[in-house]
Each structure stands twice: as C-alpha cells, then as structure tokens.
C-alpha cells in the first residue's frame, strides 16, 4: 500500500498547458462554479478586512438584484454587450489569436451606430435598426481585420497592435464627440439622444431589457454553428490547435487570421449597436470603458465556448446590478465590483491549474490499478 | 569483470511514469576504462535509465553507488560533481549564442562580476588539443553543422572534468565518416582511463565500439555480454525477444512510366542561400526512390516544395505530366500526393482533436463530406471507421483524442490518411523516427505494399539502413545537390557514406 | 524658438523616464522567456502606492519605496500563476489588470473617500547639475531633471553591462533562448524567471509612481492611460536590448512631449486627440515595420519539465 502511495506522491508527470479542454468527469465541469464561489469568497474576505460585513453586502446584492422584474431584466440587459465582447475574444482564442482590441472595436461600432441613428432619423424604424446593425458590424470588423491583416502579412504582434488600436479608437471617438457628433447644446462631450425611431424595442415593458439581448443570443448561436458545424470553423480550430499541421493540410493560415479577426471584430462592433440603440440611446465620452476587458474575463470564465460565455455574462450582469444597488445603499465604493470580477478571474485561472493536476492524477491512478492486479 | 572495483553500480533502479514502467528493477555496472553499450530498441528505457544516473530523474526505487559508496544524484549538478557528463540526443545548446557562451553556461556563479571570455577560451582550446576536438570558440551554434554541435556538447562535458561520458544515440546525426571520428575520440578517451556509456539501437556500431553490451527490453535488463561473446543474432534476439524476420523486398523493377519528375530544381532558403541547387531526378510508378543524406542538406526544403509549402526559385516539378511547381498545398493534395511527415506531432496530427477529425484533416474542402455547407458527421465517422479497420489502428473509439494513442498508433493514423490521399505519389520523410521495431516494421510493410499497388514513393531518410532496405534506387543529397543516383543492387555503404559527407570521386583527395 | 525646443527636450526626457524604467524591466524579464503582461496594472498600483505612501507620510522617498513594494507584490502574484502554476501569461495578465483597475480606485476611495478637489502632493523637484545645466538649449534638458530620470539612465547602462558582460546576464539570456540548456546545466529555471518578474515589477511600480508623485502630484484612475503598454511595446521595438529601449523611450517621450508642448501653446492646427493618439499610431507602425531579430526563442512558453 505504501508503494502505491509513494507512486502517487512522487511522480509528477507533465502538466499540459491547455485552458480549453473537453473533459469527461462530471465534477470537473463544475469547476468554474467552484472558482466563481472562491473568487466571491476572497472578495468577501477583503471586505471583511476593510471593515465591511461581507454577509450583509452579499445578501443585499442578491436581494436587490432579484427584487423586482426591473432589476432582473437589467441583469439580462447588462449581460448583452458582455456576451458579444466575450464572444469576440473567445472566437479569436479558438484560433490561438488574441483580440485584445474589443474595446476599440466596440467604440468604432458604437460610433457607426450613433451616426446612422442620428442622420437617418426619418427612415422607418426597422430600416434604421438594420442599417445601424450592419454599419456597426462593418465598423468593428474592419477595425479588427486590420489586426489580422497585419499579423498575416508582417507577422506583427497582434497583442500590441490590438492594444494600440483601442487607444486610437478612443481618440477618434473623442475627436468626433468634440465636434461633428457633438450635441446641439454643445455643453458636454456627448451626442444628442437618438430619435425614437432608432431605439431597439423593449423586450419587457417598463424595463431596460431590449431586443439586443436576443440579437446577442443569436450571435452566440451563430458562433457555435460556425465553429463546430462548418468547414471554416474546423479550419479555425485546427489553426488554433496546431498551425503546422494546418499548413500541411492545405489551410491558408494567413486568410484564417484575417477572417477570424474580421468575425471577432464584428461581434464587438455589434455590441456597440446594442448599447447605442438599445441601452444608452446616445454616445457619451468614455462610456462602458471596461467592456472589452470584461469580455476577456467572461471568455476565460466561459472556457471560450458560446454557452459558457452566455452564462458567464449573465453572472457578471448580476454582479453589476446587485453591486450597483449595494453601492447606492451602503458606503462601499463601486469599484468593489471590479475587484470581485478580478478575483473571480484569478480563481478561474487557479481552477485550470487544479484541473490539469487532477487529470495527471487520474492517469496515475490507472497505472496504480494496473500494478495492483500484477501484485 | 571479476574483482575490478566498479566505477558505477546501479542496483534495483525502478522508475514509473504515468501509464508505464520505464525502468523495472535494473542492475547495472560500469568499470573504469571501459566502453559499455546500452542496447535496445526505441522505448526500451535506455535514456530514462541514464537520465536517472545524470540526475534528471529521481528513481522511485533503487540505489546508485560510485566507487563503492552510495550516492544521491539529485540534479545534473550533482552528477557533474561525480564526474559524469551526458551528451543528449537532442542537443541542449543555445542556438544564437557562441560556442564559448554555451560551454561556460552554468560553470560560473550567477554573479555580476565581469565575465572574462579570453581565459575561458584558453581552457577550451587546451581541451580541444588534448582530445583532438578543434572548434572555433566564437562560432555561433546555429551556423555550425550538426557534427560540430555535438563536438561542442562533448567539450561542454570535458570542460566540467567529466570522467564518465554518457552518449545518447550520438551517431543518429552523423555521417559514417563523422561516426568514425567519434569512435576514435571514444577510444582515445578510454585509453586515458575514462569510461563511456554508449546508448544505441544500432547493432553494427555497438559491435564495433563496445567492450561490453547490456541489453534492455521493455524496461528490464535481458542480458549482459562482453564483446567477445556477442554476435549479431544473439543481440537481436535479446533486443526484441524473438528472431527478426527481415522484411523481404521485392526488388524486381518493371520499367514503368514516370510519375514524378524533378527538373533543374533550385530552391532558395530562409537565409538567402541555395538549399536545393539544380537537382533533377524522376520517380516511376511502382518504385521507391530513396534519398539518403545527413539531415540539413536540403531534404526538408525539397519535401516542403513537393507539398506546396515552399516556393521554388527555378526548375519544374511535374506529376503525371501535370506541372505542379509552386502550386498551393490544397491543389497538390487534390492531385493525389500524400505526405508522411518526420514530426507527426507537429506536422502530421492535431493531438487535441479526435482520431476521426485527424483522419478527415486533408478533406476539409472535399464536398463529399459536407451536407449543404455543414460538416457531415456521419461521413466523417464512416471514413474513420474504414481507415481504422484497414490500417489496424487500435483505439477506444474514433472519437478518442489523438493524444491518447501510442506513438506507433499515432503514426498509423498519419500513414493511413496519407496513403488514402496519396493516390499517385507518397512522400515519406523520416517516417519511422522514434518508433519501436513493431511500428517501424509496419510502416515499411505499408510502403512496400503501396509500391506494389503502383504508386510512386519518395523516401527521404537519414537512416541508411532504412534506405538500403526499401529503395529501388538511391540518391545521395549533400548541400542541396544530388551527388549520385545508384541502383540498389550496385549500392555500397562505404560509397554512400562518403557521398553523404560530400566526398565524390572527383574531390576525394582534396577533402578531409 | 529656443525656448520651445528646450521645453520640448525637457518634456521629452522627462516623459521618457517611466517608459525607460518599465521597458528595461520588461527586457530583463522577457529575456528569460516570460512576458510581464501585468505591466499596465503594476504601473497603476505603483502610482497608487507612491501617492498613498507620500501623502500619508509626507515624504516622497517613502512613497517611492512603497510603490516598489506594491509592484513586487503584484509581480509575485503574476509570477506565481504563470511560472509556478504554469498558466497562460496573457490570460493571467489580463486578470491582474482588471483586478488592479478596481483595486486602485477602491483602495484610494477607501482611504480618502471622494474629495471635492483631488488631493495633491508636491512632486519631485528637479536637480540641476552645476555648470552642465547651463549649456544652452540642451543643458536643462539633460542635466536638470529629477532624480528618477538620472536613475533611469544609470540603470539602463548598468542593465546593458549586466546583460552582456556578466555570468548572470548569460544565464538570463540563455533561459529565454533555451531553458532546457540552462536546466541541464543545473540552474533553476523557475527561480531565475521568478526573480526576473519581481525585478521588472519593482521597476514597473517605480515607473508608475513617477506619474503620480514624480510628475503630476496626484492620483486618478486614468493616470497611466496605456503607457504601461507603450513601455511593453518599446521592449519589442528596442529589440530586447537596453540601448535599443533607450532610443525607443526617447522617441515616445518625444511624442508625448510634443503633445504636452503643443497643448499648452497656441498651436491649434493639429487636433488635440491626434496628438494623444500619435504615440499609439507610432507603435503600430513600428510594430509592423520592425522585424524582431532578437525575440527570445521561448518567449511566452512556460517551462514544462518533461520529468520529475
């Protein structure tokens, strides 16, 4: 017996570095849930350390978030752009590409959407919405396709380029808000409210939940179909797993880079559409500044899978809604939400490590069983 | 052996890895002034055992004794303290640094003191002179030929005062002449009172250089013979546990039409020099054309050009009268060219995907596998079932991930797919690297079978024995040129060996 | 005209200081094969730590020390996840950046609430080197800067020497090019990498503090605004060579200096936002056109020992 215990303790084996893995063990699928709880626990400890009562905070958050239909609907409304920016990062991640520029693509999409909404106010509503949707899609996708092109052609570091492009997008947006798009009053760096014809219809009356949520769900479904049911998706996943083998299989890697970034940017651009036409109905300087980074977090939490992303976005949405309300009633600063998100993410990363270790442990156990039979 | 005080004694060494027992209660001894060969096929456990001796692994059971005293070797650092040096199969050199920088790495404290290169160079030159191992201290590793790099590895060990050298398959990257030079060094080293442990799966080398031969099979010691007691058949029998049937080749050649024609092909490499320099040859239907040569002489680039992965500068590649020069990879695949790669993990398989997805790898634009634009899972599965049956691929199901397969079965997947696609031409580059004897035999039998079916097969390999066994005609490649094309029946190892080192009839007196 | 040039030079060298510090740290850590993706977040925490330390104690040097300490702490977390737990560097870095963004603001508001006017601290004063600083035009630019600037230059020169002329430098460079070679030579790869992460994080913390207490004298959540990433980019563009990043930092310092000078002057020809965007555009152009010859071969890949 000791020999077998020694076996398990001593041998270490390889640790595969894969954040994305399809595992059979049912318990392992709950790992993300455990890590979310762990992250919230750590945030709670931090609150305790700083003089707040985490139990009151969390129970208040829960009760506020689900207090009435307005708040519950708000969760879905807040989740909408997160689903899309999460899909943006996650989709590219499937090809082992890093689209860190979703924030910038989101802003460009938003600029396109608000411009169309403002200028085309007299058109019939459905037409405006379709045009805004398409233009925001094109804006985001072209902004991102540039990254893919540069990577394909010059082997540029897409991490750096996408990061920098975001700041350029912010500058462009601010420039436009300072002049061309500025509100009629001319007081603040923001646009006028877009005409009612450009508003996405409400999904549940007297709430902020709009049809953009349905759009986001459909996009998630689309992402799933592309990745697992089409030839393009197969190629994308192959490029993500093993670029050399993909090359030998006749796949044009460079084309895939551009296509992936194009689609990824489209998702982020559409988030701009849902926020402008569905939620804000105007463009304000510096709005939703963390939507890109949060999208990355959601993609990580959701294991870069459309279903996981939707669920994670809903979770973050709940955190935001509950968190905002708690902030209004108690004296805890709003930035606690950001801390919770960050700690949840770190816990998720920890959970990947745990999962990898568990897989190694299981293969060792199989060896032990074999040895037992021999003895 | 008798009363000689053994330099090194391994007792009861056992090592487990997930899923396997690499070393199974092994006893081993090494005397001073002796060359011990550790003989066995790929996967027998030779490297693992020596890694334990060198401190890279810790044994799960067993003891190590040096000069009669029990020691613990916890890291290569400890091993080097005891005078043990190891030259690995895959060099642990930093390609962009100089020879000196590589040799002295780790010999100095990680300090901020000024690094005096000159005095290090002097010491290195002394060692070079003592053992006849000259090398330019300021040369950059990646610009050195492989034989030279190995020399640097040896000097690395000698610089640390190694008394015992462990060499892991050292000749796999050398020409026959470089191998002879290495053997001279080993004999010299032994004469100075030191010892060498020589790991190899090559029978003839072991017979030539070793004083004693220890045979490993499936992690166990199966025999220990002195040079005088050893014979080829006895060693082979010990290595594989049975007598090996030599794969009989059908060497009768019926004149058939040309399938692949290479005319005046020139390819420029990444560093703007010619890696393939005006070569021409043909491969006929039902023929295996073998290209011999030390790796790095343009074989990889040639294979890539045939696949469509590399552009040629000039010349023409014709397949069955169709010009495929500089065509893209996909069109060449559709022309019926299969490619069995050297590194199946890198080029041949996607380990994270299932077996059926891997077998479908090159069919991603084949309309047969689609249903209104969407992947037809049924067809993909059916394709996998058929191939797995025809090629005896052992796996739990076609949906298992490729990484769960053994090395041999993984290669079978790659081979199955390529043979299926390669209806006209098969390009196989190092197809049996790292495989055990059973898998090697399977690949060879498959190639011969496909030859019988009338396919043209281009075999590129650094294993001369493989080339000699399978090829109908042999071409030798050196520095991008095809030096000579010989019929199998006229081929002699000595001549090919010289050609592999670039020595032709013409320059025989000028070189070396 | 002279005044404008002098002013520009002064601003250039001043603004390039934190970039030099951050990029130097990044060079060392990337030479061991690890990208410090948390750089932007550590800059921010350094700015916070520097301000808090200086405001609460009234002494700037304590602020800087605290900033370094905070930086090292963040680096330790990043290093633990990426080196010991072998998790993905970009994913971990993003998580830490999100966390620090919330953390910085949270802790600031915790300590100081939300004051009507931003709290300020007296920033670093310039130290003029006698005689040299009186040289026309360039004198004040090069020889009348604050102590961090002088320190940065000294560190870069030291860094070059350590990297290329000492045994430690050889080990560092080898670790990024072929960690297996280093491992087999008996050196602990993980330890070298972890120490490098800590070192670069210390520099990042210091660099962040430059913005809050070395230059502006206050702390806001936007104070770093992507400049950590510019330092990150400079490491690439400078070809992982300390002397290269000196030049790179100066170029970006110039871009920033230009925008500062033009902002305060009456030159309204170029829109403000363009000036702000200029450094980022420059980075993109440089990333595209520069072929990075010195990329450490194993950059970004965790060292997985094939054994136990």
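The values are calculated or read from the model by the stated rules, or taken from the named source; none is laboratory data. Note that the coordinates shown come from a computational prediction; the quantities given were computed from them, not determined experimentally. With ideal geometry, Cβ positions are generated from the backbone for all residues, glycine too; neighbour counts draw on all protein chains shown.
Assorted remarks:
- Taking the range B:427-442 as the range and being touching a strand residue (DSSP E or B) at 6+ places or on another chain (Cβ under 9 Å) and touching a residue at least 40 places away in the same chain (Cβ under 8 Å) as the test, the residues that pass are B:427, B:428, B:429, B:430, B:431, B:433.
- Note on the range A:241-263: among residues that are in a helix (DSSP H, G or I) and within 21 Å of residue B:373 (Cβ to Cβ), the one that is nearest to the chain's Cα centre (by Cα) is A:263.
- For the range C:119-129, the tally of residues that are surrounded by fewer than 17 Cβ atoms within 10 Å (Cβ to Cβ) and more than 14 Å from residue C:11 (Cβ to Cβ) stands at 7.
- Test: residue in the range A:69-79 that is farther than 26 Å from residue A:182 by Cα and outside any helix (DSSP H, G or I): no
- The set of residues in the range C:230-277 being facing chain A (nearest Cβ under 9 Å) and either touching a residue at least 60 places away in the same chain (Cβ under 8 Å) or surrounded by fewer than 19 Cβ atoms within 10 Å (Cβ to Cβ) (or both) consists of C:230, C:232, C:271, C:272, C:274.
Residue-wise test of (1) more than 10 Å from every other protein chain (Cβ to nearest Cβ); (2) over 24 Å from residue B:289 (Cα atoms); (3) surrounded by fewer than 20 Cβ atoms within 10 Å (Cβ to Cβ).
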residue: B:327; (1), (2), (3): yes, no, yes
residue: B:337; (1), (2), (3): yes, no, no
residue: B:351; (1), (2), (3): no, yes, yes
residue: B:359; (1), (2), (3): yes, yes, no
residue: B:427; (1), (2), (3): yes, no, no
residue: B:434; (1), (2), (3): yes, no, yes
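- Only listed residue being assigned to a helix (DSSP H, G or I) and more than 14 Å from chain B (Cβ to nearest Cβ), chosen from A:222, A:232, A:227, A:218: A:218
- Top-ranked residue of the range B:292-310 - restricted to ones that are away from every other protein chain (no Cβ under 14 Å) and assigned to a loop (DSSP other than H, G, I, E, B), ranked as nearest to residue B:342 (Cα to Cα): B:295
- Restricting the range B:399-415 to residues that are crowded, with 22+ Cβ neighbours inside 10 Å and touching a residue at least 40 places away in the same chain (Cβ under 8 Å), the residue that is nearest to the chain's Cα centre (by Cα): B:411
- Just one of the listed residues (A:112, A:164) is at negative phi, buried (at least 23 other Cβ atoms within 10 Å of the Cβ) and within 14 Å of chain C (Cβ to nearest Cβ), and it is A:164.
- Boolean, residue A:159 is under 21 Å from the mean Cα position of the chain (by Cα), under 17 Å from residue A:263 (Cβ atoms), within 14 Å of chain C (Cβ to nearest Cβ) and part of a helix (DSSP H, G or I): no
- Qualifying residue in the range A:146-153 (condition: crowded, with 22+ Cβ neighbours inside 10 Å and free of Cβ contacts under 8 Å to residues at least 40 places away in the same chain): yes
- Single match in B:90, B:97 (criterion: surrounded by 18 or more Cβ atoms within 10 Å (Cβ to Cβ) and within 30 Å of residue B:296 (Cα to Cα)): B:97
- Listing of strands (runs of 3 or more DSSP E) fully contained in the range B:61-151 that carry 1 or more residues being away from chain C (no Cβ under 13 Å): B:61-66, B:69-71
- Test result for residue A:98, under 14 Å from the mean Cα position of the chain (by Cα) and buried (at least 24 other Cβ atoms within 10 Å of the Cβ): no
- Residue in the range C:130-148 that is assigned to a helix (DSSP H, G or I), within 14 Å of chain A (Cβ to nearest Cβ), at pLDDT 80 or above and surrounded by fewer than 20 Cβ atoms within 10 Å (Cβ to Cβ) present: no
- The number of residues in the range B:463-497 being in contact with a helix residue (DSSP H, G or I) (Cβ under 7 Å, 6 or more places away or on another chain), within 19 Å of residue B:175 (Cβ to Cβ) and assigned to a loop (DSSP other than H, G, I, E, B) comes to 2.
- Among the residues making up the range C:165-175, those that are facing chain B (nearest Cβ under 9 Å) and assigned to a helix (DSSP H, G or I) are C:165, C:167, C:168, C:169, C:170, C:171, C:172, C:173, C:174.
- Residues of the range A:37-66 classified as free of Cβ contacts under 8 Å to residues at least 40 places away in the same chain and closer than 19 Å to residue A:330 by Cα, total: 13
- From C:225, C:205, residue being more than 9 Å from chain B (Cβ to nearest Cβ), within 14 Å of the chain's Cα centre (by Cα) and buried (at least 18 other Cβ atoms within 10 Å of the Cβ): C:205
- Scoring residue B:71 on the criteria (1) within 30 Å of residue B:146 (Cβ to Cβ); (2) without any contact (Cβ under 8 Å) to a residue 24 or more places away in the chain; (3) surrounded by 15 or more Cβ atoms within 10 Å (Cβ to Cβ) leaves a single failure, condition (1).
- Which numbered condition residue B:392 misses (of (1) on the phi > 0 side of the Ramachandran plot; (2) assigned to a helix (DSSP H, G or I)): (2)
- Candidate set from the range C:63-86 (those that are without any contact (Cβ under 8 Å) to a residue 60 or more places away in the chain and within 7 Å of another protein chain (Cβ to nearest Cβ)); member that is surrounded by the most Cβ atoms within 10 Å (Cβ to Cβ): C:81
- Taking the range B:168-208 as the range and being assigned to a loop (DSSP other than H, G, I, E, B) and under 23 Å from residue B:7 (Cα atoms) as the test, the residues that pass are B:169, B:192, B:193, B:194.
- Subset of the range A:196-205 that is outside any helix (DSSP H, G or I) and in contact with a helix residue (DSSP H, G or I) (Cβ under 7 Å, 6 or more places away or on another chain) - its residue that is surrounded by the fewest Cβ atoms within 10 Å (Cβ to Cβ): A:204
- Criterion applied to A:286, A:323 was being within 22 Å of residue A:84 (Cα to Cα), part of a helix (DSSP H, G or I), modelled with pLDDT under 90 and within 14 Å of chain C (Cβ to nearest Cβ), and the one residue passing it is A:323.
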